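Following: one structure in structure tokens, then a few remarks.
The values are calculated or read from the model by the stated rules, or taken from the named source; none is laboratory data. Just so it is clear, the structure is predicted and the values come from calculations on it, not from any experiment. Cβ placement follows ideal geometry from the backbone for every residue including glycine, while neighbour counts extend to all protein chains displayed.
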Amino acid sequence: MISIIVNSDPRYPISKLGIQATVLEVLKQHRVHGNLEIGVTIVGDRKMHEINKKFRGKDSTANILTFALEDPVSSDNLLHVRNQGFVKYPDKVLCLGDILISWNQILKDAAIEGVSVEEELRFLVEHGTRHLLGIHHD
């Protein structure tokens, strides 16, 4: 079972089902399945700035941050790795991590790119999900 936990302030008009569908689509494209958990949280610029400064040392906001909780390895090879902890928790759920997205930055980026807010949100959710799978860009 795949669990996608979406959190957002009620002020941000997002579709939780749309976000979940986007994550599922990326997982399907990359043939990822099993007992998985991913968190997606939509925050404001102030919170994103605070988190970016705390965890990345950058005194600015960001449009997206991802925090992988475990190494994305084959479910056949999950085991305890010395100095890293469990790669798969005892409850048999692979917690891939969390995606944080700034609502304010979605609005700005959508306007700059000339796309809808929904399209920009979808792009960032896809991007963040790929990061949690270990797929990075230059």
The range 29-46, residues that are without any contact (Cβ under 8 Å) to a residue 40 or more places away in the chain and either surrounded by 13 or more Cβ atoms within 10 Å (Cβ to Cβ) or within 20 Å of residue 69 (Cα to Cα) (or both): 31, 33
So residue 68, is it over 23 Å from residue 9 (Cβ atoms) and either modelled with pLDDT of 90 or more or among the small types (Gly, Ala, Ser) (or both): yes
Every pair of residues 6+ apart whose Cβ atoms lie under 8 Å, when the first sits in the range 1-25 and is without any contact (Cβ under 8 Å) to a residue 12 or more places away in the chain while the second is outside any helix (DSSP H, G or I) and of a type in the set (Ser, Thr, Tyr): 16/8
Residue in the range 85-93 that is closer than 27 Å to residue 2 by Cα, modelled with pLDDT of 85 or more and aromatic (Phe, Trp, Tyr) present: no
